[in-house]
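A.B. asks: Pasting in a structure now, in structure tokens, and then I'll have a few things to ask.
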Amino acid sequence: QKSGELGARRVEDLKNLPELENAPYLVVDFNADVSEKLKWKFQPSQPEVRVRVGETALAFFTAQNNGQDAVTGVATYNVFPPQVGQYFNKIQCFCFDEQRLKAGEQVDMPVFFFIDPEFATDPRMAGIERVTLSYTFFKAYDPDNPDPEDVEPNPGAHAPANLP
């Protein structure tokens, strides 16, 4: 899975993506989970988008802090089926940074992405028509509330509960 400075193409590189005359369309389903330690409601603003391989897409997720204090969360993600992850490129994503929400605050958070055109020529991708992009939010370390019992020990080790 490519993201941020660890492999995603730069925005200016998007202009140089090859046009695929017969590029397939994929349906990207969205899944959202929240750790028990984070008193947030987190959900996709739309259940799915239909995107053509090689074209960009924009989707939004909504998060609301239902707690009585400001809190910082960090999101991990995965792509299913796993073999599609190498072609799933996030250009902009709320998962690149920690998110701090005040008590009662609700925010819309974007994810701007594309499926690499090489997906269309990889025989291992044959027959794949649906992809799930899944996020899980965890409570991050907060210097204003440094209770170690209240912070996730290793957010990256959590597997989302709602994958197909």
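A.B. asks: Filter region 117-141 down to the residues that are closer than 24 Å to G85 by Cα, open to solvent by less than 60 Å² (accessible area, probe 1.4 Å) and outside any strand (DSSP E or B) and list them by number.
C.D. replies: P117, F119, A120, D122, M125, I128, listed by residue number.
A.B. asks: Ok, one more. Considering only region 60-95, state which residues are β-branched (V, I, T), under 16 Å from F114 (Cα atoms) and touching a residue at least 60 places away in the same chain (Cβ under 8 Å).
C.D. replies: V79, I91
Listed here are the residues, each with its yes/no results for (1) at pLDDT below 95; (2) crowded, with 20+ Cβ neighbours inside 10 Å.
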position	(1), (2)
V71	yes, yes
V84	no, yes
Y87	no, yes
I115	no, yes
P143	yes, no
E149	yes, no
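A.B. asks: Now for a different question. Which of the residues spanning region 96-113 are open to solvent by 20 Å² or more (accessible area, probe 1.4 Å) and either under 11 Å from the mean Cα position of the chain (by Cα) or free of Cβ contacts under 8 Å to residues at least 12 places away in the same chain (or both)?
C.D. replies: Of everything in region 96-113, those that are open to solvent by 20 Å² or more (accessible area, probe 1.4 Å) and either under 11 Å from the mean Cα position of the chain (by Cα) or free of Cβ contacts under 8 Å to residues at least 12 places away in the same chain (or both) turn out to be F96, D97, P110, F112.
The values are calculated or read from the model by the stated rules, or taken from the named source; none is laboratory data. No experiment lies behind these values; they were computed from the predicted model shown. Every residue, glycine as well, gets a Cβ built from its backbone with ideal geometry; the counts of neighbours run over all protein chains shown. The accessibility values were calculated without ligands, DNA or RNA, using every heavy atom of the protein model including side chains. Shrake-Rupley method; radii C 1.70, N 1.55, O 1.52, S 1.80 Å.
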